[in-house]
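Worksheet for the structure shown next.
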Amino acid sequence: MSTQIEIPSLYESLHLNETLTLAKFEELNKDLEGYKTGSSLTWGTDDAKLKPADIDDIIFSGGCSHVPKAGADSLAKLRSQLEVFFGKKHATIKADEAVVSGAAIQGAMFYGYSDDFGCLMDVHPLSIGMEMADGLAFRVIPKDTPVPTRKSVKIMASGDQDQESKVVTNIIEG
């Protein structure tokens, strides 16, 4: 099993065109199992203002839940870490079914069929900001802002403002 990875202009005139096999993918990721899992769990529960005992269940979706051999090993290690962190086992659920169920619930809420599902919303996981030519950066959309969203920012240009018709900026995330 393999896939083709193509990234034109990866850096300046350097183009990436590689075949990645499943065996190579597993080898590259073997040392990342459980990487920062503990700190991510702490950050997530703190951010939600919850204690581990407040969490009833965990749903695995994407990531290692879709990787064949290494995924099964990684998923088992992750489940073990979660048991230690939360102090209890969590029910097993098929990731694809969880995604479909979530989409169905969100669709029902969107069309007003029921509001008995609590609060389910998509949010920006990271802040989005702008970096100006002088290196000054500022946040435009804070993390956890519901999507879709729209924000606008007025920028005061320096120099001869009557002659400027555009401003170059970098959009940053994090």
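Using 0.36 nm per residue and subtracting the Cα-Cα separation, the extra length available between residue 154 and residue 47 on full extension is 35.5 nm. Using R₀ = 41 Å, calculate the FRET efficiency as 1/(1 + (r/R₀)^6) where r is the Cβ-Cβ separation of residue 104 and residue 9; round to 0.05. It comes out at approximately 0.50. Residues whose amide H lies under 5 Å from that of residue 124, counting only those 5 or more places away or on a different chain, are 144, 145, 147; hydrogens are built 1.01 Å from N in the peptide plane. In order along region 16-25, phi translates into HN-Hα couplings of 9, 9, 9, 9, 10, 8, 4, 4, 5, 4 Hz, rounded to whole numbers, per the Karplus curve 6.51 cos²θ - 1.76 cosθ + 1.60 with θ = phi - 60° and x for Gly and Pro. Remark: the residue 17-residue 167 segment gains 50.6 nm on full extension, using 0.36 nm per residue and subtracting the alpha carbon distance.
Could you tell me the calculated FRET efficiency between residue 24 and residue 85, based on Cβ-Cβ distance and R0 = 25 angstrom, to the nearest 0.05? In this case the efficiency is close to 0.20. Neighbour counts of other Cβ atoms within 10 Å put 51, 77 in the fewest-to-most order 51, 77.
Distance between the pseudo-spin-label points of residue 139 and residue 123 (7 Å out from Cα toward the beta carbon): 1.2 nm.
As a calculated quantity, the FRET efficiency between residue 56 and residue 147 at R0 = 25 Å, using C-beta atoms, amounts to about 0.50.
All of the numbers you see were taken from the coordinates with simple rules; none came from a lab. The structure displayed is predicted, hence computed values, not measured ones. Reconstructed Cβ throughout: ideal geometry from the backbone, glycine too, with neighbour counts over all protein chains shown.
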